[in-house]
Every structure is written in structure tokens, then in C-alpha cells.
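Asks: Pasting in a structure now, in C-alpha cells, and then I'll have a few things to ask.
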């Protein structure tokens with residue numbers, strides 16, 4: 001079996017390839033979305049990002065109670081604090097393109113977002129809380145690879161009125177996730193042969209397979225983009 005880092009990097013590489021091949025995802029990366037399409041992307045993004053902080057905190061609490069990995073428990077709680085307010089970035093961007101979202105009356109989640117939230121809640125509450133590291137790795141690697149470029153292209157194309165002030169979420173994650181991958185890679189070296197390794201691999205694969213679902217209703221089918229147990 002490949003090392004945990006190699007498997008997750010392959011998962012990320014496959015996801016990036018799938019995004020480039022997906023019509024609307026490719027247009028996001030090229031900065032070519034309409035206002036409606038960008039608002040839909042930000043709305044679905046808000047719906048899953050608002051769960052990140054409580055999921056991290058819950059995972060840290062479970063690890064802390066087990067007493068097996070106190071340092072990892074502290075890391076989860078630290079990362080939960082780092083995620084404070086990130087969902088508000090998406091709300092700010094929506095307001096600045098004239099599509100404010102009321103958190104008390106959010107849009108319906110896509111099937112993929114519903115599945116993403118349910119999967120991670122299951123792992124954190126009843127599965128392996130360390131599995132969320134696989135989810136985090138995929139999302140942070142995606143931000144590192146594409147978020148800043150997508151923000152720059154959206155501003156350069158200027159298809160969306162007010163876009164120059166409405167890329168806080170993309171730019172914020174490109175900046176905030178810098179260095180996070182190195183921390184996770186160090187952890188994966190330690191966890192490679194642990195009983196949680198398969199769960200981390202699987203959560204990364206599930207996240208990659210579901211991510212395209214935020215572009216629901218497109219021409220291209222949503223397909224799995226990784227093999228979790230290689």
C-alpha cells in the first residue's frame with residue numbers, strides 16, 4: 001500500500017484533473033461564471049463550511065476523552081479556532097454581488113453537500129474522528145492549488161458586478177491554508193500505519209468525489225475521482 005501522503009496527494013491530483021474537465025468548475029477556475037452561478041457556488045460553500053468548526057471541535061473532544069492522542073486532540077481544537085468566521089467570508093462575498101444570504105433561511109443544500117455533512121458527522125460522532133484529517137487535507141490542498149488563481153481570474157474577467165470586492169472567501173483560504181499542508185503531512189507520516197489510516201484515506205476520497213456536486217445540474221456526471229485503498 002502506498003504511503004498515506006502519497007495516496008492523499010494522488011486523490012488531490014485526480015480531483016484537480018476532474019475539476020478541469022467539468023464544464024462549470026472549469027469556468028470557475030477561469031473566472032468565467034455569471035452572477036447566478038457564482039452566487040450558487042458561494043451559497044453551497046457556506047452550507048458546508050459552517051460545519052467545519054463544530055466538526056473539528058467535536059473530533060477534538062472525542063480524542064481528548066479517549067486519552068490516546070492528547071496532542072492530536074489539542075490540534076483539532078486549535079484548528080477549530082483557526083476556522084472561526086470563515087463561513088462569514090462567503091456571506092460577505094454574496095452581499096457584495098447583491099445576493100445576500102440570510103443564515104436563518106439558507107438555500108437548500110445540494111445532495112453532495114448533504115452527503116458531505118452527513119459523512120463527516122458520522123465519522124466524528126461514531127467512526128474515526130481522525131478521518132476528518134483526510135477531508136481537511138483535500139480541501140486545503142485544493143485551496144492552495146486553485147483558490148488564489150480563481151479569485152484573480154474572476155476579478156480580471158469582471159463578468160460579475162462588484163466582483164473585485166467579492167473574492168474574500170477564495171483569497172482568504174488561499175492565504176489561511178498556507179503551511180497547513182506541511183503540518184498535516186507530518187501527522188500522516190506518524191499515522192501511516194495506524195488503525196485510522198484507512199479511514200483518513202476513505203474520507204479524503206469521499207470528499208473528492210462529492211466536491212463536484214456543488215456544481216449540481218451540469219452537463220457532466222459526478223463520478224468518483226480516487227481509489228481510497230491503493
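The values are calculated or read from the model by the stated rules, or taken from the named source; none is laboratory data. Please read all numbers here as calculations on a predicted model, not as lab measurements. Note that we place each Cβ from the backbone using ideal geometry, even for glycine, and neighbour counts take in every protein chain shown.
Asks: From 32, 36, which residue is out of contact with any helix residue (DSSP H, G or I) (no Cβ under 8 Å at 6 or more places or on another chain) and farther than 26 Å from residue 77 by Cα?
Replies: Numbers: 32 fails: out of contact with any helix residue (DSSP H, G or I) (no Cβ under 8 Å at 6 or more places or on another chain).
After ruling out the rest, the residue left standing is 36.
Asks: Please give the helices (runs of 4 or more DSSP H) falling wholly within the range 128-192 in which 3 or more residues are over 20 Å from residue 44 (Cβ atoms) and either over 19 Å from the mean Cα position of the chain (by Cα) or in contact (Cβ under 8 Å) with a residue 12 or more places away in the chain (or both).
Replies: The helices (runs of 4 or more DSSP H) meeting that bar are 132-142, 148-157, 180-191.
Asks: Just to verify a result, which residue in the range 44-77, among those that are at pLDDT 95 or above and not in a helix (DSSP H, G or I), is farthest from residue 122 (Cα to Cα)?
Replies: Among residues in the range 44-77 that are at pLDDT 95 or above and not in a helix (DSSP H, G or I), the one farthest from residue 122 (Cα to Cα) is 50.
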